[in-house]
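**Q** The structure under discussion is supplied below as structure tokens; questions concerning it will follow.
The values are calculated or read from the model by the stated rules, or taken from the named source; none is laboratory data. Please read all numbers here as calculations on a predicted model, not as lab measurements. Virtual Cβ from ideal backbone geometry, glycine too; neighbours counted across all protein chains shown. Areas reflect the complete protein model, heavy atoms only, side chains present, ligands, DNA and RNA absent. Shrake-Rupley method; radii C 1.70, N 1.55, O 1.52, S 1.80 Å.
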Amino acid sequence: MVKYLVDIETGSLSREAGEKTTEKKYYEIWLMKSNEFDSLEEEYPHKKNLSQGLKQIQYCKIETFRDCIQGTMKVPKGEIDKIALFTFGFYVKGKRLFFIEEESLLEDMLEKISANIPGNCMLNQILLILFEILIEEDVLYLQRLEEELADMEEELLLKIPDHFYETIIQYRKKLTIFHSYYEQLTNIGDQMQANVNQELSREECAAWQNYANRTERLHNHVEALREYLIQIRELYQSQIDVRQNKVMSILTIITAFFLPLTLLVGWYGMNFPGMPEFRWKYGYPAVILLCIVIILAEFIYFKKKKLLR
């Protein structure tokens with residue numbers, strides 16, 4: 001369990017080192033694990049609901065009550081090859097903000113928060129700053145994904161890659177995760193700026209609305225990438241169809257070349273005694289010459305029809 005103090009007037013954040021402070025002058029930010037949160041002795045409204053939700057965090061949500069704000073976060077952090085997920089819960093009451101997590105990842109983020117806390121801010125604003133930090137690099141990640149999809153499309157125009165569908169499925173899973181994530185964050189922003197309990201100022205509501213608009217733009221970006229992925233899959237299928245059509249065209253031309261020759265061979269292979277060419281000494285060269293003429297005639301015909309390239 002780690003305790004931080006936020007100077008209300010200046011917004012500076014520092015780790016408590018045992019010194020006594022005036023309660024009116026500071027906000028408290030606590031980092032703790034779920035068992036430590038459960039063991040808190042003071043009365044915290046709706047604490048049991050949050051403790052129950054922390055056992056298995058499925059998605060991002062926020063619940064606003066008259067005397068507290070609480071919720072859970074399931075945050076995907078994108079990498080090139082995989083997506084790492086980490087979860088935490090939060091609870092705001094009075095001048096205390098609790099972050100409940102098992103992996104101790106938020107401690108590093110508090111340094112970024114300390115550089116962005118304005119003076120005379122409220123705890124829900126500090127929570128908003130954390131939410132904004134969580135998505136500050138997501139635009140770059142989505143841009144990298146878009147560049148990877150563009151490279152895949154260019155490669156697909158040159159050749160059909162191996163394991164294409166496996167790659168498509170991986171990208172679709174990534175985009176599905178972020179699509180749901182940004183939709184949940186947009187709902188959080190909308191719920192906060194709705195200000196049901198009338199506890200937020202106009203500026204705070206506007207800040208949450210800006211956050212909701214930002215997450216909605218990220219959501220729209222992911223939606224565009226999903227449509228782009230569908231287009232790439234359709235391009236792959238069209239390339240497969242073109243290749244199959246080429247194969248069928250080649251087979252059709254070969255069949256057309258040899259069909260008259262097959263007829264000729266079958267005809268003269270009957271060996272009836274009354275056949276005029278059967279006892280003719282030039283019959284064999286004549287048949288060979290006839291076959292060559294037929295092949296040349298077919299070649300000229302297919303070339304004129306642009307069936308041979």
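**Q** Any residue in the stretch 232-259 that is in contact (Cβ under 8 Å) with a residue 40 or more places away in the chain sitting within a Cβ distance under 9 Å of a residue that is loosely packed, with under 11 Cβ neighbours inside 10 Å? List the pairs, counting only those 6 or more apart or interchain.
**A** From the stretch 232-259, the pairs are Arg233/Tyr165; Leu235/Leu157; Tyr236/Tyr165; Gln239/Leu157; Gln239/Lys159.
**Q** Within the stretch 158-172, can you find the residues that are within 8 Å of the chain's Cα centre (by Cα) and basic (Lys, Arg)?
**A** Correct list: Arg172 only.
**Q** Is the stretch 68-88 home to any residue that is among the basic types (Lys, Arg), within 26 Å of Ala194 (Cβ to Cβ) and over 25 Å from the mean Cα position of the chain (by Cα)? Steps first, please.
**A** The first filter runs over the stretch 68-88 and keeps only residues among the basic types (Lys, Arg), leaving 74, 77, 82.
Restricting the remaining residues to those that are within 26 Å of Ala194 (Cβ to Cβ) gives 74.
Pick out the ones that are also over 25 Å from the mean Cα position of the chain (by Cα) and you get none.
No: the stretch 68-88 contains no residue that is among the basic types (Lys, Arg), within 26 Å of Ala194 (Cβ to Cβ) and over 25 Å from the mean Cα position of the chain (by Cα).
**Q** Assuming Leu175 fulfils every condition listed in (1) surrounded by fewer than 17 Cβ atoms within 10 Å (Cβ to Cβ); (2) under 26 Å from the mean Cα position of the chain (by Cα) apart from one, which condition is it?
**A** The number of the failed condition is (1).
**Q** Sort out which residues of the stretch 213-261 are of a type in the set (Val, Ile, Thr) and open to solvent by 90 Å² or more (accessible area, probe 1.4 Å), and write them in order of number.
**A** Filtering the stretch 213-261 for residues of a type in the set (Val, Ile, Thr) gives 215, 222, 230, 232, 240, 242, 247, 250, 252-255.
The one that is of a type in the set (Val, Ile, Thr) and open to solvent by 90 Å² or more (accessible area, probe 1.4 Å): Ile250.
**Q** Being modelled with pLDDT under 90 and buried (at least 19 other Cβ atoms within 10 Å of the Cβ): is that true of Gln70 here? Please lay out each step first, then the result.
**A** On the way: modelled with pLDDT under 90: no; buried (at least 19 other Cβ atoms within 10 Å of the Cβ): yes.
Considered against the rule, which asks whether it is modelled with pLDDT under 90 and buried (at least 19 other Cβ atoms within 10 Å of the Cβ), Gln70 comes out as no.
**Q** Out of the residues in the stretch 1-28 that are open to solvent by less than 40 Å² (accessible area, probe 1.4 Å) and assigned to a loop (DSSP other than H, G, I, E, B), state the one that is modelled with the highest pLDDT. Explain how you work it out, then say what you get.
**A** Residues of the stretch 1-28 that are open to solvent by less than 40 Å² (accessible area, probe 1.4 Å), as a first pass: 2-8, 11, 13, 27-28.
Pick out the ones that are also assigned to a loop (DSSP other than H, G, I, E, B) and you get 8, 11.
Values: Ile8: 80, Gly11: 76.
Among them, the one singled out is Ile8.
**Q** Search the stretch 198-254 for residues being closer than 21 Å to Glu132 by Cβ and of a type in the set (Gly, Ala, Ser), and hand back the single one that is nearest to the chain's Cα centre (by Cα).
**A** The qualifying residue nearest to the chain's Cα centre (by Cα) is Ala212.
Residues are listed down the side, and each one gets a yes or a no for (1) within 20 Å of Ile135 (Cβ to Cβ); (2) open to solvent by 30 Å² or more (accessible area, probe 1.4 Å); (3) among the aromatic types (Phe, Trp, Tyr):
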residue	(1), (2), (3)
Ile168	no, no, no
Tyr182	yes, no, yes
Gly189	yes, no, no
Asn195	no, no, no
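Residue-by-condition table, conditions (1) open to solvent by 30 Å² or more (accessible area, probe 1.4 Å); (2) farther than 30 Å from Ser201 by Cβ; (3) in contact with a Cys (Cβ under 7 Å, 6 or more places away or on another chain):
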{"site": "Leu85", "(1), (2), (3)": "yes, yes, no"}
{"site": "Gly89", "(1), (2), (3)": "no, no, no"}
{"site": "Val92", "(1), (2), (3)": "no, no, yes"}
{"site": "Arg96", "(1), (2), (3)": "yes, no, no"}
{"site": "Leu105", "(1), (2), (3)": "yes, yes, no"}
{"site": "Leu110", "(1), (2), (3)": "no, no, no"}
{"site": "Gly119", "(1), (2), (3)": "yes, no, no"}
{"site": "Met122", "(1), (2), (3)": "yes, no, no"}
{"site": "Ile126", "(1), (2), (3)": "no, no, no"}
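**Q** Looking at the stretch 148-165, which of its residues are assigned to a helix (DSSP H, G or I), modelled with pLDDT under 90, open to solvent by 30 Å² or more (accessible area, probe 1.4 Å) and under 13 Å from Glu234 (Cα atoms)?
**A** Matches in the stretch 148-165: Leu157, Tyr165.
**Q** Further question on the same structure: Given the criterion part of a helix (DSSP H, G or I) and under 24 Å from Gln58 (Cβ atoms), identify the matching residue among Gln209, Gln184.
**A** On the way: Gln209 fails: under 24 Å from Gln58 (Cβ atoms).
Exactly one residue qualifies, and that residue is Gln184.
**Q** Does Glu199 qualify as being open to solvent by 60 Å² or more (accessible area, probe 1.4 Å) and in a helix (DSSP H, G or I)?
**A** On the way: open to solvent by 60 Å² or more (accessible area, probe 1.4 Å): yes; in a helix (DSSP H, G or I): no.
In short, no.
**Q** Oh, and also: For the stretch 263-285, which residues satisfy the criterion of being in a helix (DSSP H, G or I) and surrounded by 12 or more Cβ atoms within 10 Å (Cβ to Cβ)?
**A** At the first step, the residues of the stretch 263-285 found to be in a helix (DSSP H, G or I) are 263-268, 283-285.
Within the stretch 263-285, Leu264, Val265, Tyr268, Gly283 meet the criteria.
**Q** Return yes when Val75 is without any contact (Cβ under 8 Å) to a residue 40 or more places away in the chain, open to solvent by less than 60 Å² (accessible area, probe 1.4 Å) and of a type in the set (Val, Ile, Thr) and no when it is not. Working first, answer last.
**A** Numbers: without any contact (Cβ under 8 Å) to a residue 40 or more places away in the chain: no; open to solvent by less than 60 Å² (accessible area, probe 1.4 Å): yes; of a type in the set (Val, Ile, Thr): yes.
The answer is no for Val75.
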